[in-house]
Structure formats: structure tokens, C-alpha cells
Amino acid sequence: MQKINQSIVIYKYKLYNNKAITIVVHEPGQVWKEAAISEFAMCDGLFNKEKAMDYINEAYKEALKCSKSDDVPVGAIIIRGDKIIARAHNQKEKRKDPLAHAEVLAIRKASKKLKTWHLNDCKMYVTLEPCAMCSSIIKEARIKEVFYGAKDSKEKGISNDKEITSTCLNHEESSLIVKRFFEEKR
């Protein structure tokens with residue numbers, strides 16, 4: 001049990017499959033939210049969904065830049081505290097580089113800006129669930145929390161990784177932009 005202030009108490013439990021849940025109680029006897037810990041961005045003790053959606057919208061703006069190339073429209077940002085320190089979008093086709101995923105490019109920019117590859121005090125927001133390669137690089141960079149706008153129905157990269165807390169924000173625009181991209185390819 002963790003007491004944030006006099007009226008907010010957070011209980012953490014381990015369930016089957018080693019899945020953790022958090023129950024937040026505002027006042028004695030009144031449960032405010034019950035969900036997987038990965039669904040919470042602890043912002044002053046509470047999940048700030050509005051702020052999370054602002055960040056995913058910033059990543060979405062990056063994804064829109066892919067329309068100038070033939071790249072899958074994926075955008076990523078990295079934040080430290082509440083400041084965006086890096087932003088990128090897919091550039092595999094543009095650069096002819098199989099490693100030029102939005103997540104990798106954002107990590108490179110953040111590492112250069114901070115002059116370290118240890119990004120353990122940063123969070124990533126990306127429009128599409130990171131693939132297995134990006135998940136490994138995110139883990140290597142020590143980013144502990146990743147929020148993504150849409151699930152990748154084929155890949156299941158980061159959602160299978162037990163070492164990284166990942167949360168799908170169900171951002172409709174992120175799903176639609178990728179869906180439209182592949183529909184136009186057919």
C-alpha cells in the first residue's frame with residue numbers, strides 16, 4: 001500500500017500470470033480505478049489520460065510526415081519529465097535503412113541530446129505498438145514505460161515483453177492511418 005496524500009491510497013496486488021493490478025481509492029470505501037499497472041502513468045499519483053493523449057497526438061503528427069515517403073506511418077516521441085526531448089517518424093524507405101524505425105530514430109536523438117544512452121528516466125509515446133526489434137532497443141536504452149496508440153495485430157512485439165511497461169491508449173487516428181496506408185497498397 002502506498003499513500004499519496006490523505007485521501008488517495010494505492011494498493012498493488014499480484015494476480016495470476018504475474019499480472020499486477022492497481023486499485024486507487026480516493027476516499028475510504030470509494031474505489032476510483034482498477035486496472036493493470038501498465039495502464040497508469042503516475043502523474044502526481046494519478047493517471048493523466050489527457051496528458052497521455054496530448055503526447056500520443058504529438059507522435060501522430062510525426063506519423064503524418066511519412067506521407068511524403070512510402071514509409072509505414074508511425075511516429076514516436078520521447079519525454080523526460082513533461083518535456084519532449086526527441087521526435088521521429090519511420091524512414092526505412094526514405095533512407096533505405098531497415099533500422100530507421102521511428103522508435104530507433106527517436107532513441108538516437110534522445111541519446112544524442114542527453115549525451116547518454118541510459119534513458120531510464122524517459123518515456124516513449126509511439127503511434128503503433130513497437131515491433132520485436134524496437135522493443136529490444138527500447139529495453140537496451142532502459143526506457144521503462146512505452147505508450148502506444150494502436151496495437152499491431154501481426155507483430156505483438158512490446159506487449160509480449162515482461163520487462164517493459166507498455167500501455168495501449170486506443171488512439172483511433174493511429175489505427176486508421178496505418179489501416180489506410182495498407183489499404184492503398186493493395
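Under 8 Å by Cβ, and 6 or more places apart or on different chains, what pairs join a residue from segment 110-126 that is without any contact (Cβ under 8 Å) to a residue 60 or more places away in the chain with one that is of a type in the set (F, W, Y) and open to solvent by 60 Å² or more (accessible area, probe 1.4 Å)?
Close Cβ pairs satisfying both conditions: S111/W117.
Would you mention how many residues in segment 145-184 are modelled with pLDDT under 85 and either part of a loop (DSSP other than H, G, I, E, B) or surrounded by fewer than 17 Cβ atoms within 10 Å (Cβ to Cβ) (or both)? Spell out the reasoning first.
Restricting attention to segment 145-184, the residues satisfying the condition of being modelled with pLDDT under 85 are 153-164.
Still in the running and either part of a loop (DSSP other than H, G, I, E, B) or surrounded by fewer than 17 Cβ atoms within 10 Å (Cβ to Cβ) (or both): 153-157, 160-164.
The qualifying residues number 10.
Which residues, taken from segment 108-144, are under 23 Å from V178 (Cβ atoms) and either among the β-branched types (V, I, T) or in a loop (DSSP other than H, G, I, E, B) (or both)?
Scanning segment 108-144 gives V126, T127, E129, P130, C131, I137, I138, I143.
When you look at K139, is it open to solvent by 80 Å² or more (accessible area, probe 1.4 Å) and not hydroxyl-bearing (S, T, Y), yes or no? Give the derivation first.
Values: open to solvent by 80 Å² or more (accessible area, probe 1.4 Å): no; not hydroxyl-bearing (S, T, Y): yes.
No; evaluated as a whole, the condition is false for this residue.
Show the residue pairs meeting these rules: Cβ distance below 6 Å; 6+ apart or different chains; first residue within segment 139-150 and of a type in the set (K, R); second residue not in a strand (DSSP E or B).
Partner pairs satisfying both residue conditions: K139/E163; K139/I164; R142/H118; R142/L119; R142/N120.
Which residue pairs have Cβ atoms under 9 Å apart, sit 6 or more places apart or on different chains, and have a first residue in segment 161-176 that is in contact (Cβ under 8 Å) with a residue 60 or more places away in the chain and closer than 22 Å to A141 by Cβ and a second that is basic (K, R) and open to solvent by 30 Å² or more (accessible area, probe 1.4 Å)?
T165/K144; L169/K49
Quick check on segment 92-105. Is at least one of its residues open to solvent by 30 Å² or more (accessible area, probe 1.4 Å) and touching a residue at least 40 places away in the same chain (Cβ under 8 Å)?
Within segment 92-105 (the criterion being open to solvent by 30 Å² or more (accessible area, probe 1.4 Å) and touching a residue at least 40 places away in the same chain (Cβ under 8 Å)), the answer is no, since none of the residues qualifies.
Return a yes/no flag: does segment 58-68 have any residue that is within 15 Å of S166 (Cβ to Cβ) and either open to solvent by less than 80 Å² (accessible area, probe 1.4 Å) or polar (S, T, N, Q) (or both). Outline the logic, then answer.
Taking segment 58-68 as the starting set, the residues that turn out to be within 15 Å of S166 (Cβ to Cβ) are 59.
Among the residues that remain, those that are also either open to solvent by less than 80 Å² (accessible area, probe 1.4 Å) or polar (S, T, N, Q) (or both) are: 59.
There is at least one residue in segment 58-68 that is within 15 Å of S166 (Cβ to Cβ) and either open to solvent by less than 80 Å² (accessible area, probe 1.4 Å) or polar (S, T, N, Q) (or both).
The values are calculated or read from the model by the stated rules, or taken from the named source; none is laboratory data. Quick caveat: nothing in here was measured; it's all calculated off a predicted structure. No Cβ is skipped: glycine too gets one built from the backbone with ideal geometry, and neighbour counts run over all protein chains shown. To get the accessible areas, we keep the full protein, side chains included, count just its heavy atoms, and leave off ligands, DNA and RNA. Shrake-Rupley method; radii C 1.70, N 1.55, O 1.52, S 1.80 Å.
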